[in-house]
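Report on one structure; see the data block that follows.
The values are calculated or read from the model by the stated rules, or taken from the named source; none is laboratory data. On a predicted model such as this, the values are computed, not experimentally measured, just so you know. All Cβ positions, glycine included, derive from the backbone under ideal geometry; neighbour counts span all protein chains shown. Side chains are part of the model used for accessible areas, which takes the heavy atoms of the whole protein and leaves out ligands, DNA and RNA. Shrake-Rupley method; radii C 1.70, N 1.55, O 1.52, S 1.80 Å.
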Amino acid sequence: MTGMKGAKVLKLFFWLALILLPAQMAHAQSIRDGISFYTLEDVRTGTVEKCPLIPGEIGMKIYHQKNGTPPLSEAEYRTLAGDAEFFALQGDHQFYSRKTNGIVPMMEAYVILLGYDLTDPTIYQNPDFMAKLQSFTPDKMPGDIPVLCGDGEIERTTAIREARERAEREAARAEYEKNCKLCKLPGGHYLEAIYAGDFKTQDKLAKNYLYQVAVMGGGDAMAIGVLINSLGGQGNNFTYLEDVIGYYMLATSRKWNGNPKCYPSGAHKVTFTTTYPDQVYETVGGVYLGRDEGYTNTTAYSVAPVLKAACDKICNKNGGILLTARLAQGSSEKMAALEVYKGVDQMLAQHSCESEVVKQFENNLAALWDEEKSQPASVRRNTISGYFD
């Protein structure tokens, strides 16, 4: 009987131990779930082909401390990397420091391994330190540093989400293109915004276009654009929308000038004559090198009555942004800012002056110009000079 009681006690103790004692061990094991463990030497020898992100709560603690997530505790760190001063992530791209409780690049990890304090500015006056720093190569990181790799779940989930989002965007775009009039032309989203009278969309797109001009052309192109606009008489306050309006009025005047169907009674007509003097070329010492004969250029505009006010302000003065974009583009990739002008030409080739598309486009050009002029002085304007203000 005593033996049976003893067996029951042992059995009860066993179950209690199973429930209670392994709790910490189970926790220790759980934070390693979804993680594979290697060394830097494994990475260098090609044993590790891919090293995905660390998943779950532990991954959040490793990667997202700037978002308020606490770092790894000492117990968690030891469970993952033992007594090592660092463990590497994504192969050898990043290093989690036990000392700083955060991710550091390889060079900083190397400095810490050498025993120097990164917060001490005097180390850069130490010749021994600077010599070691200048001679650093990745292979000087110890090969036994642990490398932690995820199971790929984050990447798989991200790929699925991105594929779904792409499909949704494509579906939305297909639906949009079913009913749009101009969106399939070069620069079609901008032209469609004008056709729809959508000031906010054209304003946002214009801002993006000028940003691309600035990035691709740099400050030199933008500075020359300011000069072009200044010489054109419009100053540095000429917006992308105004440049497109000016281009449209010049293009339609050249295409339809003299066509009574396009310009019935009430059309606004104006002619600009510009005389360019002879240009003489000499050296600094006054030696004659040659000359270009002067010439006279005449530009005739005929615009619909709805664009009269715009023509009085813009005709014969546009082109600064167009020329700046061409200068910035050079021989590089296609530039969105220039595509809009191409789209205007194609729109005029596809639609007659009497078409509903052209009439609505012209009416909304005038309406959007009025809206832009009414913007408060404090509102950003899509001008090339805006990048120097």
Which number in (1) within 15 Å of residue 372 (Cβ to Cβ); (2) modelled with pLDDT under 70 marks the one condition that residue 226 misses?
-> (1)
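What about residue 69, is it more than 25 Å from residue 158 (Cβ to Cβ), part of a loop (DSSP other than H, G, I, E, B) and at pLDDT below 90?
Working: more than 25 Å from residue 158 (Cβ to Cβ): no; part of a loop (DSSP other than H, G, I, E, B): yes; at pLDDT below 90: yes.
So residue 69 does not fit the description; no.
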Scan of the stretch 72-88 for residues that are assigned to a loop (DSSP other than H, G, I, E, B) and either open to solvent by 30 Å² or more (accessible area, probe 1.4 Å) or among the acidic types (Asp, Glu) (or both), ordered by number | 73, 83, 85
Considering residues that are assigned to a loop (DSSP other than H, G, I, E, B) and hydrophobic (A, V, I, L, M, F, W, C), the number found within the stretch 89-130 is 2
What pairs can you find where one residue is in the stretch 362-374 and in contact (Cβ under 8 Å) with a residue 24 or more places away in the chain, the other is open to solvent by 10 Å² or more (accessible area, probe 1.4 Å), and their Cβ atoms are less than 6 Å apart, with a gap of 6+ or different chains?
-> 362/304; 362/306; 363/306; 364/197; 366/306; 367/197; 368/199; 371/199
Options 146, 138; residue that is at pLDDT 95 or above, surrounded by 11 or more Cβ atoms within 10 Å (Cβ to Cβ), closer than 24 Å to residue 37 by Cα and of a type outside the set (Lys, Arg) = 146
Scanning the stretch 242-287 for residues that are among the charged types (D, E, K, R) and in a loop (DSSP other than H, G, I, E, B), the one modelled with the lowest pLDDT turns out to be 278
Do we have residue 160 as open to solvent by 40 Å² or more (accessible area, probe 1.4 Å), closer than 30 Å to residue 50 by Cα and touching a Leu at 6+ places or on another chain (Cβ under 7 Å) here?
-> no
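Look through the stretch 302-331, keep the residues that are assigned to a helix (DSSP H, G or I) and of a type in the set (Lys, Arg), and return whichever of them is farthest from the chain's Cα centre (by Cα). Before the answer, list the steps.
The first filter runs over the stretch 302-331 and keeps only residues assigned to a helix (DSSP H, G or I), leaving 305-314, 320-329.
Then keep just the ones that are of a type in the set (Lys, Arg); that gives 308, 313, 326.
Working: 308: 38, 313: 34, 326: 21 Å.
Within the stretch 302-331, the match that is farthest from the chain's Cα centre (by Cα) is 308.
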Kindly provide the set of residues from the stretch 177-191 that are crowded, with 23+ Cβ neighbours inside 10 Å and closer than 15 Å to residue 348 by Cα, ordered by number.
-> 182, 187, 191
Only unsatisfied item for residue 92, checking (1) exposed (fewer than 14 other Cβ atoms within 10 Å of the Cβ); (2) modelled with pLDDT under 90, is (1)
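Return yes when residue 170 is assigned to a helix (DSSP H, G or I) and in contact (Cβ under 8 Å) with a residue 40 or more places away in the chain and no when it is not. Break it down stepwise before answering.
Numbers: assigned to a helix (DSSP H, G or I): yes; in contact (Cβ under 8 Å) with a residue 40 or more places away in the chain: no.
Against the criterion (assigned to a helix (DSSP H, G or I) and in contact (Cβ under 8 Å) with a residue 40 or more places away in the chain), residue 170 does not qualify.
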Looking at (1) touching a helix residue (DSSP H, G or I) at 6+ places or on another chain (Cβ under 9 Å); (2) surrounded by fewer than 13 Cβ atoms within 10 Å (Cβ to Cβ); (3) at pLDDT 80 or above; (4) of a type outside the set (Asp, Glu), find the lone condition where residue 382 falls short.
-> (2)
